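These notes concern the structure reproduced below.
Laboratory data are not the source of any read-out in this text; all were calculated from the coordinates shown. Computed from a predicted structure; not experimentally measured. Cβ placement follows ideal geometry from the backbone for every residue including glycine, while neighbour counts extend to all protein chains displayed.
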Amino acid sequence: MNDNKQLDKKANIYTSKVFVNEEMRRAVNEVFDSGMFVMGKKKEEFEKKFAEFIGSKYAIAISNGTTALEVTLQSLGIGKGDEVIVPSHTAFPTIEPILQLSATPVFVDIDPKIYTIDPKAVERAVTKKTKVIMPVHLYGHPADLDPIIEICKEKNIFLVEDACQAHNAKYKGKIVGSFGIAGCFSFYPSKNVTVCGDGGMIVTNDEEINKKARMLLNHGQDGNYNHVILGHNYRLSEIQCAIGIKQLEMIEHFTKRRREIAELYQENLKDTKLILPFEAEYARHVYHLYVIRTEADKRDKIIEGLKKEGIHCGIHYPIPCHQQEAVKHKEIKVPFLPITEKIVKEIITLPIYPLLKDEEVKMISEKIKKLI
């Protein structure tokens, strides 16, 4: 009996939680009532509003963030023999499309303060085979883009932004995803804007990418039943688009709340020996994830201690991409990336989402302080 009471007192807090309101439910019912479930008016509206939000000429709704990257690279003609420079410290779906297209990921290290791609490492990695540089705006913090843009201009290399974790993040006052030849976003349930399932978006000002990407995601068609190129079935449903429209309308609120929660964590944990997230002077961090660092030998104790209290944390990401078995099987040169290989043993993702309450943030912080 006492054990049950103790369980009842536990928190039930996860690293993310989806925001759902009545407007989203009504939007889904509108789709049911319309009878149009794919390639309809909701998709057109979502694309139009997302393009306006980013400040791009085109936005192309697609099945998820991974396929957004794949179709973008395919639209650029990336294939066997081409090199794509990427950070190893990222979600594996950043790397997967490169491998699927038989291109070669060239892994580089990261900035130890903001965890995004190191421009100096990028410069050293460029070869005659380099066709794309793909910075990842990891955890919601923009990569340092200016030096990378200069390299791309000088060497005639495409810049493709993986902005899957960075909706509404800004680099020097401008929203990320709008700097390269294309930017790619994900609307997975944990993201800052979600479609309550899988979903993605490609943004670009390039007419050729817009045209080719739309064909590729819809069986290579240019008009009904006219299959011009070999494509895929990567369409985004009307239900997902309807939800995405409503979520997009709330993005400023979501961003404000995530930043408030991050500030609370910073204030409550500032006197510890933990390494807390850093926001560069040029950046607006949108805190898709709130990632702290501790000594490697203390990490498991903190994670397990919090889990016993019903607070579920994460590790984003425990195995660097260059050390994944799927990469090793491709016989790709595996570099030594000292910063990446160090921090993956130290990082912990704390809960952060707009529905998280101030008192919950303070409670989590106090329990962490006790554990360390």
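Descriptive notes on the structure:
- Filtered residues of the range 162-174 (kept if part of a strand (DSSP E or B) and more than 24 Å from residue 212 (Cβ to Cβ)): 170, 171, 174
- Matching residues, the range 247-282, being more than 18 Å from residue 293 (Cα to Cα) and among the polar types (S, T, N, Q): 247, 255
- Candidates in the range 33-73 are the residues that are among the hydroxyl-bearing types (Ser, Thr, Tyr) and outside any loop (DSSP other than H, G, I, E, B); of these, the one that is surrounded by the most Cβ atoms within 10 Å (Cβ to Cβ) is 72.
- Residue in the range 216-230 that is in contact with an Asp or Glu (Cβ under 7 Å, 6 or more places away or on another chain) and within 17 Å of residue 38 (Cβ to Cβ) present: no
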